[in-house]
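Derivation of every value follows stated rules applied to the coordinates shown; laboratory data play no part. Note that the coordinates shown come from a computational prediction; the quantities given were computed from them, not determined experimentally. Here the Cβ positions follow ideal geometry from the backbone for every residue, glycine too, while neighbour counts run over all protein chains shown.
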Amino acid sequence: MNTSEVLSATGVDLSYGAAPAVRNAQIALHRGEVAAITGQSGSGKSSLLYCLAGVLPVARGEIRFEGRSLGVLNDEDLSALRREKFGFVFQYGELLPELTVEENTALPLRLAGQRKAEALAAAGEVLRRLGLDDLRGRRPSQVSGGQSQRVAVARSLVHKPAVVFADEPTGSLDSSNATAVLEEFLTLARAQGTAVVLVTHDADVAARADTHYSMCDGVLTAQVREVS
Ligand SMILES: Nc1ncnc2c1ncn2[C@@H]1O[C@H](COP(=O)(O)OP(=O)(O)O)[C@@H](O)[C@H]1O
Ligand SMILES: [Mg+2]
């Protein structure tokens, strides 16, 4: 194993009943690396993400996190791993409506057992870095779509996870907002050494990643970057 490798998949298959969604996937992700996965709707991108994150059990093959196979972990250990080492961002942010921006951001730290004052202080710091200081006390219903996605980004990074899984994280935004949110997200992730698996259908977004894979009918293929 390469020492900086955080997450890998070898020969991973996933099916829903008899319908294959992921076929023989291979991927290796290193510390701080941003890997983009592009592909049409229904090609299996989200399914692959759920396998990599240990959300869906694989039918064949192996996922390793920091050299350890996810297949040997029981449900409790797997939940703890997801909570402590992974972060997630989805298309619509999925903030909890009854919590403030600051409380939403602090959630991963609170779930990890950190005291409220410390968790809120850490959340405040990430929000400040994303230019969201002024929104700390607001509810999700009181912020814009772009702001809401920034808060989701802040929440995914607040506990300094090893990997963030981002499933079309800017898919609900207009293109200028999407670009800005993505820039901020990737800059912050790289600065803290968090690797990102970024699912997107946008080729411009994929061009900002370190590595690029495309997915078609469940088959993941590494794309060779043109040297410019
Ligand atoms: N929970 C599910 N049950 C059955 N089929 C599913 C389920 N989720 C996804 N699929 C199917 O698996 C394939 C891949 O879907 P998905 O991973 O969501 O693709 P993408 O994220 O690239 O749009 C599609 O054919 C989809 O219909
Ligand atoms: Mg999807």
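Quick look at the values:
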read-out: FRET efficiency, HIS201 to VAL72 (Cβ-Cβ, R0 41 Å, nearest 0.05); value: 0.75
read-out: Distance in nm between pseudo-label sites at GLN192 and ARG83 (7 Å out along the Cβ direction from Cα); value: 1.8
read-out: Nearest-ten-degree value, helix 101-111 long axis tilted from longest Cα axis of the chain; value: 60
read-out: Segment GLU62-HIS30, length gained on full extension (0.36 nm per residue, minus Cα span); value: 9.8 nm
read-out: Loop trypsin sites (Lys or Arg not before Pro), region 140-228, which have at most 12 other Cβ atoms in a 10 Å radius of their Cβ (DSSP); value: ARG225
read-out: Helix axis angle, 145-157 relative to the chain longest principal axis, alpha carbon, degrees; value: 70
read-out: Per-residue Cβ neighbour rank within 10 angstrom, fewest leading, TYR50, TYR16, TYR92; value: TYR16, TYR92, TYR50
read-out: Separation in nanometres of the label points that stand 7 Å from Cα toward Cβ, at GLU118 and SER144; value: 3.6
read-out: Helix axis angle, 116-129 relative to the chain longest principal axis, alpha carbon, degrees; value: 80
read-out: Within-14-Å neighbourhood charge of HIS201 [Cβ basis; K, R +1; D, E -1]; value: -3
read-out: Order of GLU98, GLU184 under a 10 Å beta carbon neighbour criterion, fewest first; value: GLU98, GLU184
read-out: Virtual paramagnetic centre 7 Å along Cα→Cβ of LEU99, amide N under 18 Å, in region 58-83; value: 79-83
read-out: Extension gain, ASP134 back to ASP13 (0.36 nm per residue minus Cα-Cα distance, nm); value: 39.0 nm
read-out: Order of VAL72, VAL158, VAL151 - criterion: other Cβ atoms within 10 Å of each residue's Cβ, fewest first; value: VAL72, VAL158, VAL151
read-out: For region 1-137, convex hull volume per residue from C-alpha positions, Å³; value: 152
read-out: Rounded to 5, percent antiparallel among DSSP beta bridges of the chain; value: 55
read-out: Value at 222 nm in deg cm²/dmol, rounded to 500, when DSSP H runs of n ≥ 4 in the chain each add -39,500 (n - 2.57); value: -10500 deg cm²/dmol
